[in-house]
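Heads up: the structure comes next, in structure tokens.
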Amino acid sequence: MTIQLGLNTFGDVYPGPDGRMLSGARVIRNVVAEARLADGLGLDFFGVGEHHREDFAVSSPETVLAGIATVTERIRLGSAVTVLSSDDPVRVYQRFATVDALSSGRADVILGRGSFTESFPLFGHPLEEYEALFEEKLQLFDVLRAEGPVEWEGRLRAPIHGLEVYPKTESGGLRTWIAVGGSPSSVVRAAHYGLPVIFAIIGGRPAAFAPFADHYRKALEHFGKEPRPVAFHSPGYVAETDEQARDEFFPHQAYTHDRIGRERGWGRLGRSEFDAMCGPEGAYFVGSPETVARKIVRSCTALGASRFDLKYAVGTLDHARMTRSIELFGTEVRRLVDDMAADA
């Protein structure tokens, strides 16, 4: 059993040493430094999310990834996620093909609908077409992946007849994933296109997603597709001990949870609920290297997943603590996961 380890960030805006919030520009430069560290540690993947709101600095992940591509050598680079519904598939393909060129073939595009809706009014898309926009644009993106003359017609975008999209990738196509929150229709859609899936597990129990992973594999077989990898991502933080990790991470996770919760009608995140989520069955991968490693191996085994991405940035967590968490994740957690996976 082999488990790849990755990181992802939404570019959360957090305070500097003087207590004032950093500029988005400074946060983005720190994200590049964090990706460079991850590459030096030998981690497998680095993802950057897309948001269009003041609490996240990254609205154009491909641009940030292009910068990262020029200062890294081995790590794969991708979105987390690209909100395809409110973007143009042709432009998405062109931008990621450019990242692929700059990184010598290390680009992954992870397509999804996103958990926020600010991009829809920003780019002039009606929310009532939420489902239809994603489905239609995914159809077009699948045609683009062949990198030949495009013949496509839809309802929500102008047709394309006989045109080609440039630049083309050196490998003949972009490595493409579908991000899902855990619904049967989402995994069936991914299987229909023969695309690998990554589950966003931010609550509940990771093991509860095992039936969706099994459903996905059965759907691949039903559609006559080759087996494809499964991955998942969850929030987390690594420190020397479980107590230190929980104490340091809780206020920042609570800050984010409660800020978003005010918009969505959630209750406040209490410490007891947080501690339960950090427990063996919870969705937060917070603790010592051994605790986090055991949880990764157990969850990957339950889902049949071959990669776990730690969402290492959250709320007001500062660059220094994120850096230390990344260092422990890329050294101690990496070593322990390899040992445990080999035993499994």
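The values are calculated or read from the model by the stated rules, or taken from the named source; none is laboratory data. Because the structure is predicted, anything quoted here is derived from the model rather than measured. Counting neighbours? That spans all protein chains shown, and the Cβs are built from the backbone with ideal geometry, glycine included. Note: areas computed on protein heavy atoms with side chains; ligands, DNA, RNA excluded. Shrake-Rupley method; radii C 1.70, N 1.55, O 1.52, S 1.80 Å.
Could you give the angle, 0 to 90 degrees to the nearest 10, between helix 334-343's Cα long axis and the longest principal axis of the Cα atoms of the chain? For helix 334-343, the angle is close to 80 degrees. Computed extension length for E135-R155: 6.1 nm, one decimal, from 0.36 nm per residue of separation with the Cα-Cα distance subtracted.
Against the chain, whose longest principal axis is taken from its Cα atoms, helix 319-328 shows a tilt of about 90°. Ignoring aspartates and glutamates fewer than eight residues from K137 along the same chain, the ones with Cα atoms less than 20 angstrom from its Cα are E50, E62, D87, D88, D108, E118, E128, E129, E147, E151, E153, E164. Residue order by solvent-accessible surface for K137, K168 is K168, K137, largest first, with ligands and nucleic acids left out and a 1.4 Å probe.
Here is the result for segment 278-319: no chymotrypsin sites (Phe, Trp or Tyr not before Pro) lie in DSSP coil with at most 10 other C-beta atoms within 10 angstrom of their C-beta.
Karplus-derived 3J(HN,Hα) values for segment 201-210, using 6.51 cos²θ - 1.76 cosθ + 1.60 with θ = phi - 60°, are 10, 10, x, x, 10, x, 5, 5, 8, 4 Hz; glycine and proline are entered as x.
Dipole size of the chain about its Cα centre, with +1 on Lys/Arg Cβ and -1 on Asp/Glu Cβ: approximately 80 debye, rounded to the nearest 20.
Bridging of K225 to aspartates and glutamates at a Cα separation below 16 Å is possible for D142, D214, once same-chain residues fewer than 8 apart are set aside. For segment 275-291, backbone phi angles converted through the Karplus equation (6.51, -1.76, 1.60; θ = phi - 60°) give residue-by-residue couplings of 4, 5, 5, 7, x, x, 9, x, 8, 8, 9, 10, x, 5, x, 5, 4 Hz, Gly and Pro being listed as x. Solvent-accessible area of segment 1-124 (1.4 angstrom probe, protein heavy atoms only): carbon and sulfur portion equals 52 percent. Sorting the segments 123-132, 147-156 by their residues' average number of neighbouring beta-carbon atoms within 10 angstrom, most packed first, yields 147-156, 123-132. Looking at the chain alone, DSSP beta bridges between its own residues are antiparallel in about 10 percent of cases. In segment 216-344, the DSSP beta bridges split such that about 0 percent are antiparallel, to the nearest 5. May I ask what percent, to the nearest 5, of DSSP beta bridges between residues of segment 1-100 are antiparallel? Antiparallel bridges: around 20 percent, rounded to the nearest 5. In segment 232-246, whose amide N lies under 19 Å from the spot 7 Å out along Cα-to-Cβ of R335? List them in ranges. Answer for this model: 238-242.
Note on K225: accessible area approximately 80 square angstrom, rounded to 10, probe 1.4 Å, nucleic acids and ligands left out.
Between the amide H of D12 and those of A57, distances stay under 5 Å, these residues lying 5 or more places away or on another chain, with hydrogens modeled in the peptide plane. Quick one: grab the alpha carbon gyration tensor of segment 6-132, order the square roots of its eigenvalues as a ≥ b ≥ c, and give me rounded if a/c is under 1.5, else prolate or oblate depending on whether a/b is larger than b/c. Oblate, since a/c reaches 1.5 and b/c is not below a/b.
The mean sequence distance of close C-alpha pairs (under 8 Å, at least 6 residues apart), as a share of the length of the chain, puts its relative contact order at 19 percent. Taking only DSSP H segments of four or more residues, each worth -39500 (n - 2.57), what value at 222 nm results for the chain once the sum is divided by all its residues, to the nearest 500 deg cm²/dmol? Computed mean residue ellipticity for the chain: -13500 deg cm²/dmol. In order along segment 150-159, the phi-based Karplus estimate (6.51 cos²θ - 1.76 cosθ + 1.60, θ = phi - 60°) of 3J(HN,Hα) comes to 9, 10, 7, 9, x, 9, 9, 9, 4, x Hz; Gly and Pro are listed as x. One Cα centroid belongs to segment 219-287, the other to segment 146-184; the line between them spans 32 Å.
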